[in-house]
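The values are calculated or read from the model by the stated rules, or taken from the named source; none is laboratory data. Since the structure is predicted, the reported quantities are computational estimates derived from the model, not experimental observations. Virtual Cβ from ideal backbone geometry, glycine too; neighbours counted across all protein chains shown.
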Amino acid sequence: MYQLLHKEKLGPDIFLYRFRASDIARYRKPGQFVIVRIHENGERIPITIADVDIEEGSITLIIQAVGKTTLQMAQMKKGDSIPTLTGPLGEPTHIEKVGRVLCVGGGIGIAPLYPAARAMKDAGNHVTSILGARSSNLIILADLMREASDDLIITTDDGTEGQKGLVTDAIRNLVDNGEEFDQCIAMGPPIMMKFVCILTEKLGIPTIVSLNPIMVDGTGMCGCCRVTVGDEVKFACIDGPEFDGHKVDFDELMARLATYRSEEKNALEGYSSHAGCRLDSMSEGGSR
Amino acid sequence: MNAKERMKIPPVDMPEQDPKERVSNLDEVPLGYTPEMAMMEAKRCIQCKTAFCIEGCPVGIDIPGFIKLIEDGDFKGAARKMKERNLLPAMCGRVCPQEEQCQLFCTIGKVRKNPCESVMIGKLERFIADWDREQGEFEQPPSVKSSGRRVAVIGAGPAGLTVAGDLVKFGHEVIVFEALHKAGGVLVYGIPEFRLPKKIVQSEVDYLEKIGVEFRYDHVIGKTIPVRKIVDDFDAVFIGTGAGLPRFMRVDGENLLGVLSANEYLTRANLMKAYDFPEADTPIVKGKKVITVGGGNVAMDCARTALRMGAERSLIVYRRAEEQMPARLEEIHHAKEEGVEFHLLQNPVRLVGDDRGWIKGAEVIKMELGEPDSSGRRRPVPIEGSEFIENTDALIVAIGNSPNPLVPNSFPDLEVTRWGGIVVNEITGQTSVPGVFAGGDIVLGAATVILAMGHGRRAARAMNLYLSSGRWVDLDSALDLSRAEVH
Ligand SMILES: Cc1cc2nc3c(=O)[nH]c(=O)nc-3n(C[C@H](O)[C@H](O)[C@H](O)COP(=O)(O)OP(=O)(O)OC[C@H]3O[C@@H](n4cnc5c(N)ncnc54)[C@H](O)[C@@H]3O)c2cc1C
Ligand SMILES: Cc1cc2nc3c(=O)[nH]c(=O)nc-3n(C[C@H](O)[C@H](O)[C@H](O)COP(=O)(O)OP(=O)(O)OC[C@H]3O[C@@H](n4cnc5c(N)ncnc54)[C@H](O)[C@@H]3O)c2cc1C
Ligand code: SF4
Ligand code: SF4
Ligand code: FES
């Protein structure tokens, strides 16, 4: 059993959890994730490890409540335990000193972006970060991201914070103002990553993305998480979740995320009657 | 009763759930023998002086020995005899391909010129194992002095469980690291409930726990803990990580929604209890018409599971003929009884989707049998121009699994074959790394439960010798000489 040591609310439906899991904390590298299962009949869901505290033997997860499992987690209290935390899984982010790095995070994708940005900065890169969300209250981890970045730009669709517009507008502005980047890391909803990649490809900036396909085991056994990268089929849980964004077939990823949409809706309706509105917020192909 | 009279007794059928009824539940299909049935079936064994049946059993159970005890009504004794050699009889009795193993060699089958009429060794084995479990008595194995040696077992499938049980009995401390949240490997995530009830697997795992095996779940070795660290921290290591890598057909449209691997389908249905959705949280693809591609046990399991998940039609599409299907006869028979349709000598070449990206059909080409290939089976050859579209809402790819690459990939010192199996000494299970042994599907590729157990058994003996002697070189010859004393 893995105990919940701390929980706090970061935004509407967005919570930070710290679980005791000392082996995972010790061996984890930025970019890796865990599989979480919260009770005996629970689903196995993948969540990025946002941070670790080796001394405390704990890992931090930042989770947006979008469906049955994540909503149930939102009800958990400090001291509660869950039966499964498997990890760290996936290939770590490739961290290297390349020069100037552009980190782009959208919504809950800022959670996995944070460890990557910090590692890139620690490796001696100049880090410019752009955080985007629909509205100000959905921008998470702004303070931590500010520490991990040399420059930080915030964009909101409705203009409630930072620049009004999309992250792609902000990228274009930077480049128009003569900024150059050797590497981009983009994490967020598939639709956002898709458009960031279309732009960075035009601009000639190599781009890493972190994909969020549906998973079951997370160990390479089922192939549920397969994604097309270039002309190869990869298993995101083993080969990824990070890939060369210019080669990823985002349309396929977004389609596949909808596989269980009607079942998920049913499960959710069974679980809580007021939750229908939340389901709408997760459209456009998955939560992050 | 003399041998002639015994030979005249027809095989005792095991009662089964009615096919019409059973497709709407998950209960086991064969219902088991009553004590009277078992004793009657036991009478059919003529207690051969040279019991060829034993040769056919990969773990060498004293078959006439335990059958005689059943005939005499000494079920406790029979159970004890069987467990000398087989730690997991309730499972083997159910899932061994007996008609290719013990029962293939049985004298009675030969006399009656039909291996299906051999002594029903597997059914008797199942009866005894079930009887024994239902007694609920726990027999503590004779206590042995602790050796002070620590062993890590990676993977809790039949191979790993066997090694763990044997080594604990030799007095070593054993920790089993399992990637998933339950022990049993394919027995829990792959083979469906209606063929192998999960409570049986659980009771075997409970037994191992009671005799001192420690289980660490949610540990993906090579990720959660580096393989190197496990090798350094323990006196010996056994790798039994199975053949968990699903193969796909590599045809267009394979990533459409509604197309999944057998592993995914069965894992959702079994381990994650999707049959109980939304009580259990994991959903599963439910088609009205489901195609399963493949002809092995795995394909039969998928096609039969699809019926239980509510499919109106469940089709097997297989590129060879029925005689060449690798599935057990019993599975094929059960599948047919339940209404699974067999579309033989056909092969999907392309999958077609609708505008939402869901599969709506498979383009299938007809095949004919040509010259024999390297496996000795006549090779299926496509008939040009015979393509047609088979409509479907879901398609399950059950064309095989390869060795799980996770541990070998993260531990380059380990020698592997071209197709990814770990290279071992066949007698001892020794790998290219001193102190590290391997067995089961990670060595053989997708094989059988009993072969995995046989591997585990042999490796356990070699590991025990290695742990006590520290001898790595020529372990196999040392083992041969001391076989009697070790066993
Ligand atoms: C590598 C990886 C890292 C992730 N990291 C985070 C994170 O740090 N924070 C976070 O909030 N979310 C993260 N996600 C997404 C998260 O796994 C899903 O939001 C979660 O599974 C939803 O579960 P649910 O039961 O609450 O919702 P459901 O009702 O089951 O589904 C809601 C949405 O989640 C998607 N989804 C459902 N099941 C899965 C699954 N098993 N795997 C992936 N997606 C699924 C569905 O397509 C749907 O769009 C990550 C996903 C992946 C693959
Ligand atoms: C659907 C299906 C039906 C079958 N039907 C039959 C049948 O009727 N009769 C028969 O004899 N055989 C059958 N088989 C084959 C049989 O199940 C296998 O040959 C047998 O289970 C192999 O045992 P194993 O111990 O080598 O591996 P597995 O049973 O595959 O177990 C391996 C275990 O290792 C774990 N693991 C993998 N990687 C790691 C890691 N890095 N760290 C920790 N743990 C890890 C896995 O999670 C798994 O639990 C069937 C197989 C399938 C898939
Ligand atoms: S273990 Fe399998 S092969 Fe051996 S006797 Fe039992 S059923 Fe036959
Ligand atoms: S070969 Fe058949 S008849 Fe002979 S001992 Fe074995 S089971 Fe009995
Ligand atoms: S989640 Fe099963 S293979 Fe990746």
Single residue of segment B:255-273 satisfying the filter (without any contact (Cβ under 8 Å) to a residue 24 or more places away in the chain and either of a type outside the set (S, T, N, Q) or in a helix (DSSP H, G or I) (or both)) that is nearest to the other protein chains (Cβ to nearest Cβ): B:E264
Counting only residues that are over 19 Å from B:S24 (Cβ atoms) and of a type in the set (G, A, S), which one in segment B:274-299 is farthest from the other protein chains (Cβ to nearest Cβ)? B:G295
Report, by residue number, each residue of segment A:40-54 that is facing chain B (nearest Cβ under 9 Å) and out of contact with any helix residue (DSSP H, G or I) (no Cβ under 8 Å at 6 or more places or on another chain). A:E40, A:R44
On the given criteria, is A:G57 at the interface with another protein chain (Cβ under 9 Å from one of its Cβ atoms) and either more than 24 Å from A:V209 (Cβ to Cβ) or among the basic types (K, R) (or both)? no
Could you run through segment B:72-113 and say how many residues are of a type in the set (A, V, I, L, M, F, W, C), part of a loop (DSSP other than H, G, I, E, B) and within 11 Å of B:I450 (Cα to Cα)? 3
Quick check on B:A90: is it out of contact with any strand residue (DSSP E or B) (no Cβ under 6 Å at 6 or more places or on another chain), away from chain A (no Cβ under 14 Å) and within 16 Å of ligand 2 (Cβ to nearest atom)? yes
Is segment A:258-272 home to any residue that is in contact with a strand residue (DSSP E or B) (Cβ under 9 Å, 6 or more places away or on another chain) and farther than 18 Å from A:Q32 by Cβ? yes
Check off (1) away from chain A (no Cβ under 14 Å); (2) farther than 23 Å from A:S262 by Cβ for B:D252 and give me the number that stays unchecked. (1)
All strands (runs of 3 or more DSSP E) inside segment B:362-436 with 3 or more residues being farther than 30 Å from A:D217 by Cβ: B:378-382, B:388-391
So how many residues does segment B:125-158 have that are at pLDDT below 85 and either among the polar types (S, T, N, Q) or surrounded by 10 or more Cβ atoms within 10 Å (Cβ to Cβ) (or both)? 5
Residue count, segment B:263-305 (criterion: of a type in the set (S, T, N, Q) and under 18 Å from B:R328 (Cβ atoms)): 3
Segment B:51-71, subset away from ligand 2 (no atom under 16 Å from the Cβ) and not in a helix (DSSP H, G or I), residue surrounded by the most Cβ atoms within 10 Å (Cβ to Cβ): B:A51
So is B:G470 over 17 Å from B:R85 (Cα atoms) and either of a type outside the set (S, T, Y) or surrounded by 24 or more Cβ atoms within 10 Å (Cβ to Cβ) (or both) or not? yes
Please specify each residue of segment A:209-235 satisfying the condition of being surrounded by 22 or more Cβ atoms within 10 Å (Cβ to Cβ) and more than 12 Å from chain B (Cβ to nearest Cβ). A:V209, A:S210, A:L211, A:N212
